[in-house]
Amino acid sequence: EEKKSIRFEFISILAHELKSPLAAIEGYLRLVDERIKGDDLSAYDSMISRSIERIVSMRKLIMDILDLTRLESGRGKRVIENISLKDITDSVVDGLKPSAEKKNVSISIDVDDISINADKTEMEMLLSNLLSNAIKYNKENGSVNLKIKRDADYINIECSDTGIGMKEDDVKKLFNEFVRIKNEYTRNIEGSGLGLSIVKKIVLLYNGEIKVE
């Protein structure tokens, strides 16, 4: 019964998260189809760009769900090998530069040349979700700082940013699935609410711990 309840809740949230952007895209396409603004294509530019934004956010949601399912099922093929965290960080940061530049957010990294026995895809998912969250909830002209250092038997990954902050009650919910902090600052920020729950699941796979201040 509990499994059924969780499954129903998961599907309900997923349906809701996909229904709103689909309705918006359908609305824009109908306006274009009916030539509501005449035959000049440039008149529809904003509708097209908004539709593309919603498609991108839906694709991100679907990819996040696939990542989450892969982690929770344990059925995905893990390839544990010796990898460089610095190389992975550089690659992830390069991929996030366009979204950072949109908000004029600078990213600085201080990463030791550390090798770790890990699955490359999982490390990419961890760092990508961590950094993209720091960019997404940042202020215009803000900054993100990432440090990765070895400390005895552990590797410390510390991500700090000039973000909009959150209330103490929100901190407790942060790493749960489909959690998006709703307030006047985050109203227009798109997201699946799965990014940090994926980060936490990966951290736990490696017997680590995660916390936020």
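Structure notes:
- Here is the figure for region 155-177: residues that are part of a loop (DSSP other than H, G, I, E, B) and not charged (D, E, K, R) total 7.
- Selection from region 168-199 of residues that are closer than 17 Å to LEU68 by Cα and either in contact with a strand residue (DSSP E or B) (Cβ under 9 Å, 6 or more places away or on another chain) or modelled with pLDDT under 65 (or both): VAL179, ARG180, GLY191, SER192
- Odd one out for ASN133, checked against (1) at pLDDT 90 or above; (2) open to solvent by 20 Å² or more (accessible area, probe 1.4 Å); (3) farther than 24 Å from ASN82 by Cβ: (1)
- Checking ASP119 against (1) in contact with a strand residue (DSSP E or B) (Cβ under 9 Å, 6 or more places away or on another chain); (2) under 21 Å from LEU205 (Cα atoms); (3) exposed (fewer than 13 other Cβ atoms within 10 Å of the Cβ), the condition it does not meet: (3)
- Among (1) in a helix (DSSP H, G or I); (2) without any contact (Cβ under 8 Å) to a residue 60 or more places away in the chain; (3) farther than 30 Å from ASN141 by Cβ; (4) of a type in the set (D, E, K, R) - the single one ASP67 does not satisfy: (2)
- Answer residue from region 140-154, given it is touching a Ser or Thr at 6+ places or on another chain (Cβ under 9 Å) and part of a strand (DSSP E or B) and is most open to solvent (accessible area, probe 1.4 Å) among those: LYS147
- One residue stands out in region 96-109 among those that are over 22 Å from ASN82 (Cβ atoms) and in contact with an Asp or Glu (Cβ under 9 Å, 6 or more places away or on another chain): the one that is least open to solvent (accessible area, probe 1.4 Å), namely VAL105.
- Residue among ILE80, ILE48 that alone is more than 21 Å from the chain's Cα centre (by Cα), exposed (fewer than 12 other Cβ atoms within 10 Å of the Cβ) and not basic (Lys, Arg): ILE80
- Some residue of region 84-104 being under 29 Å from VAL203 (Cα atoms), under 18 Å from the mean Cα position of the chain (by Cα) and not in a helix (DSSP H, G or I): yes
The values are calculated or read from the model by the stated rules, or taken from the named source; none is laboratory data. Since this is a predicted model, take the numbers as computed values, not measurements. So basically every Cβ, Gly included, is an ideal-geometry build from the backbone, and we count neighbours across all protein chains shown. Calculation scope for accessible area: heavy atoms of the full protein, side chains included, ligands and nucleic acids excluded. Shrake-Rupley method; radii C 1.70, N 1.55, O 1.52, S 1.80 Å.
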